[in-house]
Amino acid sequence: MLTLMHFQIVSAALFSVGLYGVLARRSAVLILMSIELMLNAVNLNLIAIASFTDPERFTGFIIAIFVITVGAAEVGLALAIVLRMFRNRGTVNIDEIELMKW
Amino acid sequence: MIGMEYAWLIPVLSFVAFPLILLLGKFFPGKGSSISIGAMGAGFILFLFVMADLLSNGEDFFSYKWFDVGGVELTWGFIIDPLSVSILGLVTFVALMVQIYSVSYMKDDPRFNWYFGIQAFFAGSMLTLVLADNFLLLYIAWELVGLCSYLLIGFWYERKPAVEAAKKAFITTRLADVALLVGILLLFKQVGSFSMSETFEQAELLMAGANSALSSGTTLIAALLIFVGAMGKSAQVPFHVWLPDAMEGPTPVSALIHAATMVAAGIYLVARTFVIFEAAPDSLLIVAIVGLLTTLMAASMALVMTDLKQILAYSTISHLGLMMLSLGSFGYTAAIFHLMTHGFSKALLFLAAGSVMHGIGRTDIRQMGGLIKVMPLTALAFGIGAVSLGGIPIFAGFWSKDEILLSVLDHRHPIFMILVLVAVFLSALYMARAFFVAFMGELSDENREGHEAPALMAIPMILLSILAVTFGLLALEWTDSFHGIGSFIFVHEGHGFEFNLILGLGSAILAASAFIIAWLIYVKGSVPISPFKRTFAPIISMAERKYYLDSMYQGFIDRVVLVFSALVAKFDRVFVNDVAVNGVAESVKRSAFTLRHHVTGLMYNYAFVMVVGAIALAAAWWAVAVKG
């Protein structure tokens, strides 16, 4: 029997993978992908809780759709920034991008 | 009919002239001088109307509300009484003469309109001071007068001595002004109002022994403090040091300062607040002593100076001392009368001295001599001024000086009388010396090219000469309604003309003999001067060194004031600046330099901190909301 707990465990695992990717990866593109993983983990969580607790109302689903929309827009913007960064500096390695340093 | 309710216009006209000259002066004829002279001339005409009104309707005062603060109502207001109107006439007339004279005297000066602007402002301030009906307004005008004299003395500020003299004048008078302010506040504290009439009412109650808001101790202290203020402005010993130095200003300015504005303010103040002095009679004795000391010291210094303007400056101090002595001897009328006769004569003398400088470009009387041949009109004007101040009968100074002698004789110890007669003799002697050395005798070759004063300078001298000759006759009884000056200007009750024949004759003989002695010494040369010089050598050498007062003050400033200031400056630099201000800034800077290393610029560092923060927040929430 599939319970809410199962979904939450998958969601948590997915989120942790994403978090690890954000912290450990050096490539800006991979970090972006990791952020997408974290967003999807959140979506999974939302939909699961919505279906298990109150399936009559679509609150959770609607928020998930919002997250997907905003995530798409954000990725579009972030990829554009990464592209410019590559054009200007010839790299997307965030170790080398430290202009905000003291 | 224009009456006394328009008197406030007199100073206001001059105040309005000041910005007008500075901003729009160049569009007017005479580069702005016409505005100032126009304002002053209108002021003089208004004075005539006010005087006519005063004579027919008696004295009055006007007061308008300014603002309320803490339950005290402050007012603008003016007094129209014989005292204020007399000084009004003196100031407007002398200022008008000086300004007309200045048009010619200052015509090549690059700051011509600034000069006339300040002249107008100066006259306006002095007129406000004279008309003010409350101590607050009087004090404001008092400070403005000090400021304007500072600006005019330092008018040629490219020259170092002028700057020094201006500073000296301002600081010296300012020191005395502090006493005046404290005195005014003391009176205010007990009376509860700045109004003069209310204060005088209380003082009169005190004098009558009735229940008064003023206590006799406070009245004495306040009177003395007011007198210290007057000593500063009227150059009484030991505050007199600024006046001789003030000669660095343009000569017409000296004429104005010495005759009508500035130094007259101190005498006017004591006369105005005379009731307060009377309520504390001990203060009048001090006034008399200071006046006597001043007149003697200044007269002896005037006798040994060789600069024409310096002689006149010390002569002014000496006569101011005489006026103070007169006030201190209950000679209220005599003091004000002498203020006016001296004002006309001294303005005349200064304008003549200015004409000499204009004509030959020298101020040392030893380089002059025989100037009567190249500038007869100037010589005549100077001569009239000299005999008037010297106290030769018929001329103005004689009458007022005689009134002073009379009040000293009536109210003070005989020793005062003897000393004041010495001062009278000396004052005739130094005037005679200045006149004979500068204008008589041999004309030297380099002075042969000197020229007479141009018309604009001559006319004021002529008009002032007429007054210096005739003004004293006001002392006499002329008609049934006019019983001499004493029936017009008085403090409690008027009195007709009083003349002590022996005293008048004595002082006239004294003055005449001084002139004759000076003539024998300096013109005829029949009396050698060296025995005198040997006999009085210590006094002469002290007088030549200005009784060491200037050096004492300089020494005090060098050894005490400057040392203390250096200490304060050190404290400011080390403690306030280095520790308190820079120290705080430095510590903030240091910690910032240390702490900035946390800004790595690396994205994953920031992300990691965010994660740690989120976990910490979650843990806290869990600990508080779920477990607790």
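The values are calculated or read from the model by the stated rules, or taken from the named source; none is laboratory data. Because the structure is a prediction, the values reported are computed rather than measured. Backbone-built Cβ (ideal geometry, glycine too); neighbour counts: all protein chains shown. To get the accessible areas, we keep the full protein, side chains included, count just its heavy atoms, and leave off ligands, DNA and RNA. Shrake-Rupley method; radii C 1.70, N 1.55, O 1.52, S 1.80 Å.
So for the pair B:A569, A:L2, with labels modelled 7 Å out along Cα→Cβ, what separation do we get in nm?
8.9
Through the Karplus equation 6.51 cos²θ - 1.76 cosθ + 1.60, θ set to phi - 60°, convert the phi angles of the stretch B:192-197 into ³J(HN,Hα) values in whole Hz; use x for Gly and Pro.
Rounded to whole hertz, the list is x, 7, 8, 4, 5, 4.
Over the alpha-carbon set of chain B, work out the extent along each principal axis and list the three values in angstrom, largest first.
The Cα atoms of chain B stretch 119, 66, 56 Å along their principal axes.
Residues of the stretch B:603-621 with accessible area at least 10 Å² lower in the all-protein-chain context than alone (1.4 Å probe)?
B:M603, B:Y604, B:A607, B:F608, B:V611
About the Cα centre of chain B, how large is the charge dipole given +1 on each Lys and Arg Cβ and -1 on each Asp and Glu Cβ? Please answer in debye to the nearest 20. Could the numbers behind the result be given before it?
Values: 34 positive and 41 negative charges, 495 e Å.
Computed about the Cα centre, the dipole is about 2380 debye.
Ignoring everything but the protein chains, give the 1.4 Å probe accessible area of B:Y139 in square angstrom, nearest 10.
Roughly 30 Å² of B:Y139 is accessible to a 1.4 Å probe.
What percentages make up the Cα-Cα pair-distance distribution of the stretch A:4-96 when the bins are 10 Å wide from 0?
17, 37, 28, 13, 5, 0
Have a look at the stretch A:80-102 and report residues whose accessible surface goes down by 50 Å² or more when the remaining protein chains are included, against the chain on its own, probe 1.4 Å, ligands and DNA/RNA excluded.
Hits at the 50 Å² cut-off: A:I94, A:W102.
Rounded to the nearest 20 Debye, what is the dipole magnitude of chain A about its Cα centre when Lys and Arg each give +1 and Asp and Glu each give -1 at the C-beta?
Working: 7 positive and 7 negative charges, 74 e Å.
It comes to approximately 360 debye.
Can you pull the Kirkwood radius for the protein assembly as shown, inverse mean 1/r over Cα pairs, to one decimal in Å? Kindly include the intermediate steps, with their values, before the conclusion.
Values: mean 1/r = 0.0321 Å⁻¹.
Its Kirkwood hydrodynamic radius stands at 31.2 Å.
Go through B:I392, B:I226 and list them by solvent-accessible area, largest first, probe radius 1.4 Å. All intermediate terms of the calculation are to be shown ahead of the outcome.
Values: B:I392 35, B:I226 0 Å².
Solvent-accessible surface, decreasing: B:I392, B:I226.
Of all the Cα-Cα pairs you can form in the stretch B:551-601, what percent are over 18 Å apart?
Roughly 58 percent, once rounded to a whole number.
By how many nm would the segment from B:E452 to B:V560 grow when fully extended, if each residue of separation counts as 0.36 nm and the alpha-carbon distance is taken off?
Roughly 33.9 nm would be gained on extension.
So, with a 1.4 angstrom probe, what is the percent of accessible area on the stretch B:551-601 that is carbon and sulfur? Display every interim value, and only then the final one.
Values: 3060 of 4200 Å².
Its accessible area is 73 percent carbon and sulfur atoms.
Distance from the Cα centre of the stretch B:538-563 to that of the stretch B:570-612, in angstrom?
The stretch B:538-563 and the stretch B:570-612 have Cα centres separated by 55 Å.
For the pairing of chain B with chain A, what total accessible surface becomes buried, with a 1.4 angstrom probe, in square angstrom to the nearest 100?
Details: alone 26960 and 7430 Å², together 33350 Å².
Accessible area lost upon association: around 1000 Å².
Take B:A607, project a point 7 Å from its Cα along the Cβ direction, then tell me which residues of the stretch A:53-86 have their backbone nitrogen under 20 Å from it.
Answer for this model: A:68, A:70-86.
Any idea which of A:V42, A:G21, A:I62 is furthest toward the positive side of the dipole for the stretch A:4-96, if Lys and Arg beta-carbons carry +1 and Asp and Glu beta-carbons -1?
A:G21
Based on the Cβ-Cβ distance from B:H597 to A:V29, what FRET efficiency comes out when R0 is 30 Å, to the nearest 0.05? Write down the numbers at each step before the final one.
Working: r = 29 Å, r/R0 = 0.98.
That gives a FRET efficiency of 0.55.
Please work out whether the stretch B:153-250 counts as rounded, prolate or oblate from its C-alpha gyration tensor, where a ≥ b ≥ c are the square roots of the eigenvalues and a/c under 1.5 means rounded, while otherwise a/b larger than b/c means prolate and anything else oblate? Display every interim value, and only then the final one.
Details: a/c = 3.95, a/b = 3.23, b/c = 1.22.
Verdict is prolate for the stretch B:153-250.
Mean-square fluctuation check for chain A, GNM, Cα pairs under 10 Å: which of A:T91, A:T53, A:T69 is largest?
With Cα springs under 10 Å in chain A, the top fluctuation among A:T91, A:T53, A:T69 is at A:T53.
With a ≥ b ≥ c taken as the square roots of the eigenvalues of the C-alpha gyration tensor of the stretch B:286-357, please select rounded if a/c is under 1.5 and otherwise prolate if a/b is larger than b/c or oblate if it is not? Walk me through the intermediate numbers first.
Numbers: a/c = 4.81, a/b = 1.52, b/c = 3.17.
It is oblate, given that a/c is not under 1.5 and a/b is not larger than b/c.
Using a 1.4 Å probe over the heavy atoms of the protein chains, calculate the carbon and sulfur portion of the accessible area of the stretch B:182-333 as a whole percent. Please report the intermediate quantities before stating the final value.
Numbers: 2210 of 3490 Å².
Its accessible area is 63 percent carbon and sulfur atoms.
As a check on your grasp of the helix formula, calculate [θ] at 222 nm for chain B: sum -39500 (n - 2.57) over DSSP H runs of n ≥ 4, divide by the residue count, round to the nearest 500.
Details: 26 runs with 424 residues, N = 628.
Mean residue ellipticity, 222 nm, calculated: -22500 deg cm²/dmol.
Work out the length of the dipole vector of the stretch B:551-601 about its Cα centre, built from +1 on the beta-carbon of each Lys and Arg and -1 on the beta-carbon of each Asp and Glu, and round it to the nearest 20 debye.
Numbers: 6 positive and 4 negative charges, 40 e Å.
Its charge dipole is roughly 200 debye.
So what J values fall out for the stretch B:215-221 if you push phi through Karplus, 6.51 cos²θ - 1.76 cosθ + 1.60 with θ = phi - 60°, rounded to Hz, Gly and Pro as x?
8, 5, x, 4, 4, 4, 5
Determine how many Å³ per residue the convex hull of the Cα atoms of the stretch B:175-318 encloses. Write out the running numbers ahead of the final one.
Values: hull volume 13.6 nm³, N = 144.
It comes to 95 Å³ per residue, whole-number rounded.
Within the set B:K168/B:K346; B:K346/B:K533; B:K373/B:K533; B:K160/B:K233; B:K233/B:K309; B:K346/B:K401, which residue pairs have Cα atoms separated by over 26 Å? The partial results should precede the final answer.
Values: B:K168/B:K346 22 Å; B:K346/B:K533 28 Å; B:K373/B:K533 30 Å; B:K160/B:K233 23 Å; B:K233/B:K309 19 Å; B:K346/B:K401 14 Å.
Pairs exceeding 26 Å: B:K346/B:K533; B:K373/B:K533.
Go through B:L74, B:L185 and list them by solvent-accessible area, largest first, probe radius 1.4 Å. Walk me through the numbers on the way to the answer.
Working: B:L74 15, B:L185 80 Å².
Listed by decreasing accessible area, they come as B:L185, B:L74.
Using 0.36 nm per residue, how much length does the chain from B:A537 to B:S215 gain when fully extended, once their Cα-Cα distance is taken away?
111.0 nm
Positive end of the charge dipole of chain B (Lys, Arg +1 and Asp, Glu -1 on Cβ, about the Cα centre): tell me which of B:A203, B:I540, B:S125 has its Cα farthest that way.
Selected residue: B:I540.
At a 1.4 Å probe, which residues in the stretch A:1-27 are at least 10 Å² less accessible with all protein chains present than in their chain isolated?
A:L19, A:V22, A:L23, A:R26
How would you rank B:617-628, B:377-388, A:11-22, highest first, on the average number of other Cβ atoms within 10 Å across their residues?
Details: B:617-628: 9.1, B:377-388: 25.3, A:11-22: 16.6.
Descending packing order for the listed peptides: B:377-388, A:11-22, B:617-628.
Not counting ligands, DNA or RNA, and with a 1.4 Å probe, what is B:D578's accessible surface area in Å² rounded to the nearest 10?
About 70 Å², ignoring ligands and nucleic acids.
Counting only protein heavy atoms and using a 1.4 Å probe, what share of the accessible area of the stretch B:360-512 belongs to carbon plus sulfur, as a whole percent? Write down the numbers at each step before the final one.
Numbers: 4540 of 6620 Å².
Of all accessible area on the stretch B:360-512, carbon and sulfur atoms account for 69 percent.
With unit charges on the beta carbons (Lys and Arg positive, Asp and Glu negative) and the dipole taken about the Cα centre of chain B, which residue among B:P252, B:N577, B:V290 sits farthest to the positive side?
B:N577
Among residues other than B:S541 whose Cβ falls under 13 Å from its Cβ, what is the net charge (Lys/Arg +1, Asp/Glu -1)?
+3
Using R₀ = 41 Å, calculate the FRET efficiency as 1/(1 + (r/R₀)^6) where r is the Cβ-Cβ separation of A:T53 and A:D95; round to 0.05. Display every interim value, and only then the final one.
Working: r = 44 Å, r/R0 = 1.07.
Result of the calculation: an efficiency of 0.40.
For A:K101, which lysines qualify as cross-link partners when the Cα separation must be under 29 Å and same-chain residues fewer than eight apart are set aside?
Correct list for A:K101: B:K589.
At 1.4 Å probe size, with every protein chain present, just tell me what the per residue accessible area of the protein assembly as shown comes to in Å².
Numbers: 33350 Å² over 730 residues.
So the protein assembly as shown comes to 46 Å² accessible per residue, rounded to a whole number.
Give, in nm to one decimal, the length gained when the segment between B:D410 and B:E493 is fully stretched (0.36 nm per residue of separation minus the Cα-Cα distance). Could you put the intermediate results ahead of the total?
Numbers: separation 83, 0.36 × 83 = 29.88 nm, distance 1.67 nm.
Gain on extension, B:D410 to B:E493, equals 28.2 nm.
When a/c is below 1.5 the answer is rounded, else prolate if a/b is larger than b/c, else oblate, so apply that to the stretch B:90-193 with a ≥ b ≥ c taken from the square roots of the Cα gyration tensor eigenvalues.
Numbers: a/c = 3.75, a/b = 1.68, b/c = 2.23.
Cα axes put the stretch B:90-193 in the oblate bin.
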